[in-house]
Amino acid sequence: MEFNLKKELLNYTPYNKEEQEYVKRTIDFLDNNTNCYSRTNLAGHVNAGALVMAEDGSVLLNHHKILDKWLLFAGHSDGDTNSLNVAKREVMEESGITEYNDLGGKIFDVDVHLIPENKEKNEPAHYHYDIRFLFIVKNKDFKISSESLEVKWMSIDEAKQVGYSSITRVLDKANKMYLNMQNKNKNK
């Protein structure tokens, strides 16, 4: 499947002013960086991931071993310009999940955040331009990878309590979508 990130971003409708700014910054970054999908770009790089949500509205989060934070399943593009494929790879590597509805491969959220300097890896502070998708699963089975301390299903409210501020918007969007689906099902 062809995935053109700039085209997808230009057709994407941000959730709020904050996300609108992230979309603009990401497009500017793509326009001004030839190696934007590579960690060798020390100013920053495009990453991708997904919020995994079950049909009952619960979400699966990853307690990342190195960062010691509850996160979405995500990772570096490592040269892959197809952000949807990167998200699929990361979800599979970090949770073992391979069966889901990716909602047509449409972007669900865009975030830009500063990664602090890492002296051990000799990396300066840089930006992550995160492209996020929503994957809906029927089967809640998962595996824990070596990158995680724990992987856990939780309610949106629980996820907001343990997650960091950057994922709150994604959780709000997912909850709104879930509630809309529930209302449609009630009215049938």
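The values are calculated or read from the model by the stated rules, or taken from the named source; none is laboratory data. This structure is a prediction, so every number in the text was calculated from the model and none was measured. As a convention, Cβ positions derive from the backbone with ideal geometry for all residues, glycine included, and neighbour counts pool all protein chains shown.
Below are the figures for this structure:
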item	result
Filter result for Phe29 (of a type in the set (Phe, Trp, Tyr) and over 16 Å from the mean Cα position of the chain (by Cα))	yes
Check on Thr168, of a type in the set (Ser, Thr, Tyr) and exposed (fewer than 14 other Cβ atoms within 10 Å of the Cβ)	yes
Which listed residue is out of contact with any Asp or Glu (no Cβ under 8 Å at 6 or more places or on another chain) and either in a helix (DSSP H, G or I) or free of Cβ contacts under 8 Å to residues at least 24 places away in the same chain (or both), from Glu90, Glu94, Glu99	Glu90
Extreme residue, surrounded by the fewest Cβ atoms within 10 Å (Cβ to Cβ), among residues of the stretch 16-30 that are free of Cβ contacts under 8 Å to residues at least 40 places away in the same chain and farther than 20 Å from Ala43 by Cα	Lys17
Out of Lys140, Lys121, Lys184, sole residue that is modelled with pLDDT under 90, out of contact with any Ser or Thr (no Cβ under 7 Å at 6 or more places or on another chain) and in a loop (DSSP other than H, G, I, E, B)	Lys121
Subset of the stretch 80-121 (residues that are charged (D, E, K, R) and surrounded by fewer than 20 Cβ atoms within 10 Å (Cβ to Cβ))	Asp80, Arg89, Glu93, Glu99, Asp102, Lys106, Glu117, Lys119, Glu120, Lys121
Qualifying residue in the stretch 41-56 (condition: closer than 16 Å to Val151 by Cα, of a type outside the set (S, T, N, Q), exposed (fewer than 15 other Cβ atoms within 10 Å of the Cβ) and touching a strand residue (DSSP E or B) at 6+ places or on another chain (Cβ under 8 Å))	no
